[in-house]
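Enquirer: Take a look at the following structure, please.
The values are calculated or read from the model by the stated rules, or taken from the named source; none is laboratory data. Bear in mind the structure is a predicted one, so any value in this text is a computation, not a measurement. In this analysis, Cβ positions are derived from the backbone assuming ideal geometry, glycine residues included, and neighbour counts consider all displayed protein chains.
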Amino acid sequence: MIGKILIAFIALLHIYILVLEMFLWDKPYGLKAFGNTLEKAQLTKVLAQNQGLYNGFLAAGLIWSLFAPASYALPLATFFLGCVLVAGIYGGLTASRKIIYIQAVPALLGLLAVYLL
C-alpha cells in the first residue's frame, strides 16, 4: 500500500512538472519555479515543452502500473520508477542539485517500498 501511495505521489509530481514546463514556463509562476528570466524562458520554451511531455510519459507509466493486472504491475512500476530515478540523478548532476531531492529520492523510496514493504 505504501508503495502504491508513493507511486501515485510521484505520478502527480510529474504531472505538476509537465504543467510547469509545458504551460507555465514563461509565466510568472514558472519563471519563479525554475529561476529563469523571461528572455531565457522565451528562448528555451520549446525545449521545456519537450521535457514536460517526457514527464507526462513518466506519469502515464506510473499511473498505468497502479491499474495494471498484478502479473505485470510490478515490472511496470520498477521500470518507470527506475526511469524517474535515473532522470533525477542526471538532472541533479547536470542542471540543479535540488532535482535529486525532488525526483530521485522519491523514486528510490518508491522502489524500496515496492520491494521491501
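Enquirer: Return the total of residues in the stretch 28-73 being in a loop (DSSP other than H, G, I, E, B) and of a type in the set (S, T, N, Q).
Expert: 2
Enquirer: Consider the stretch 45-88. How many of its residues are of a type in the set (A, V, I, L, M), closer than 18 Å to Glu21 by Cβ and touching a Phe, Trp or Tyr at 6+ places or on another chain (Cβ under 7 Å)?
Expert: 3
Enquirer: Could you list, in sequence order, all residues of the stretch 78-103 that are touching a residue at least 12 places away in the same chain (Cβ under 8 Å) and either among the hydroxyl-bearing types (Ser, Thr, Tyr) or under 13 Å from Phe9 (Cα atoms) (or both)?
Expert: Passing the criteria: Thr78, Leu81, Val84, Ile102, Gln103.
Enquirer: Quick check on my filter: what residues within the stretch 61-98 are at pLDDT 95 or above, hydrophobic (A, V, I, L, M, F, W, C), more than 20 Å from Met1 (Cα to Cα) and surrounded by fewer than 18 Cβ atoms within 10 Å (Cβ to Cβ)?
Expert: Those that are at pLDDT 95 or above, hydrophobic (A, V, I, L, M, F, W, C), more than 20 Å from Met1 (Cα to Cα) and surrounded by fewer than 18 Cβ atoms within 10 Å (Cβ to Cβ): Cys83, Val86, Ile89, Leu93.
Enquirer: Further, regarding this structure: Among Ile2, Ile15, which is the only one that is more than 18 Å from Ala95 (Cα to Cα), exposed (fewer than 14 other Cβ atoms within 10 Å of the Cβ) and out of contact with any strand residue (DSSP E or B) (no Cβ under 9 Å at 6 or more places or on another chain)?
Expert: On inspection, the qualifying residue turns out to be Ile2.
Enquirer: Can you tell me which residues in the stretch 42-57 are among the hydrophobic types (A, V, I, L, M, F, W, C) and either free of Cβ contacts under 8 Å to residues at least 12 places away in the same chain or closer than 12 Å to Gly110 by Cβ (or both)?
Expert: Leu43, Val46, Leu47, Phe57
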